[in-house]
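To start, the structure under review is shown below, and the notes come after it.
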Amino acid sequence: MHQQTIHFLFTTSNSSFTSSSFHPKSRFHSPHYDFASLSSPRNAHFPIFSLNATLSLPLILPRTSEVPTISPPIRPVPHQPNLRRSQFREKMLYLESIGLDFLSLINHNPPIVSASLSDIKSTVDYMTSLGFTAIEFRRIAGMCPEIITSRVSDIVPVFTFLLREVCVNGSDLKRVIHRRPRLLACSVKQRLRPTLYFLQSIGISEVNKHTYLLSTSVEEKLIPRIEYFENIGFSHRDAVSMFRRFPQLFNYSVEGNFEPKFNYFVVEMGRDLKELKEFPHYFSFSLENRIKPRHQCCVDKGVCFPLPVLLKMSEAQFRDRVEVLFSSIG
């Protein structure tokens, strides 16, 4: 590489250099230099570091050496369809190994196809740690397939809610879940806690005895049932008192239970609404197997019983009671 070199030769009559000849303040005292004082070489005072100083200035800067980039090794990516099939098969084999029908689970809970196998195993292990046997877990999964795709982080708050807010005894937890497995698939914030507050607001204080109701929707199920009794002639106060006395009423269907039984009660039996208010358990008995046959037997014999007596007795007790009363009348 070619370079152009400029040579500067400084000479002076003084061979010594004192601190007064070169001082930072005297040199940088003002940004304006006195060029007149430099017009004569005799008036110029420069610090002399060597008699002959050579300064080489390259006109062209050398190129910096380039560091070659090293690409990381390319790892082969597994074929995605084959990977998915392998994961699907592994999941199927695991669920079948614990006694669950994978195809049946898919039909009732399609999200299980995309569920992580590690999450499924964690859920099964957690339920096992709480004392649920393999048979019990299969029953729970059969009644509520969503439990398979629920994460442990979603299930733990449910148990905490039941223990702390509903005041369920620890020894009763398994019984509560067995009766209503769907509790484990419900959100505490969006479903369980609002239902708890509603039940408490209408006077059901011991909700821990009716935990099966906690998974039901207040707006879609509980309130419409109270409104049905208001529509057929009960005051709001009386309707609420019926549900407070017999909370199981919330479990019954309006179309499949309330309507046919109420129509028979009014039209065929000709009884007063006051009897239903005092004995809402009437709706818990079978219309075809208990209510109709016993009412018809009383009509045939010309006898009449209070509603609880009519329905609560065993069949043998009812027959004996009818015969005794019929004999006394005859």
(request) Out of ARG182, ARG191, ARG164, report the one residue that is of a type in the set (Lys, Arg) and either over 28 Å from ILE106 (Cβ atoms) or more than 19 Å from the chain's Cα centre (by Cα) (or both). (result) ARG164
(request) For region 280-291, enumerate the residues that are more than 21 Å from VAL324 (Cα to Cα), in contact with a helix residue (DSSP H, G or I) (Cβ under 8 Å, 6 or more places away or on another chain) and not in a loop (DSSP other than H, G, I, E, B). (result) PRO280, HIS281, TYR282, PHE283, SER284, LEU287
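Conditions (1) open to solvent by 50 Å² or more (accessible area, probe 1.4 Å); (2) assigned to a helix (DSSP H, G or I); (3) not charged (D, E, K, R), marked per residue:
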residue	(1), (2), (3)
PHE137	no, yes, yes
VAL156	yes, yes, yes
PHE161	no, yes, yes
VAL168	no, no, yes
ASP172	no, yes, no
HIS178	no, yes, yes
LEU184	no, yes, yes
LYS189	yes, yes, no
LEU192	no, yes, yes
(request) Starting from residues that are among the aliphatic types (A, V, I, L, M) and within 17 Å of the chain's Cα centre (by Cα), keep the ones in region 83-123 and report whichever is most open to solvent (accessible area, probe 1.4 Å). (result) ALA115
(request) Scan SER205, SER286, SER253 and give me the residue that is out of contact with any Phe, Trp or Tyr (no Cβ under 7 Å at 6 or more places or on another chain), open to solvent by 60 Å² or more (accessible area, probe 1.4 Å), free of Cβ contacts under 8 Å to residues at least 24 places away in the same chain and among the small types (Gly, Ala, Ser). (result) SER205
(message) With the structure loaded, tell me whether VAL299 is surrounded by fewer than 12 Cβ atoms within 10 Å (Cβ to Cβ), of a type in the set (A, V, I, L, M, F, W, C) and assigned to a helix (DSSP H, G or I) or whether it fails that test.
(response) no
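The values are calculated or read from the model by the stated rules, or taken from the named source; none is laboratory data. Just so we're clear, the structure is a prediction, and the values are computed from it rather than from any experiment. Neighbour counts are summed over all protein chains in view; Cβ atoms, including those assigned to glycine, are modelled from backbone coordinates with ideal geometry. The area values use the complete protein model at the heavy-atom level, side chains included, leaving out ligands, DNA and RNA. Shrake-Rupley method; radii C 1.70, N 1.55, O 1.52, S 1.80 Å.
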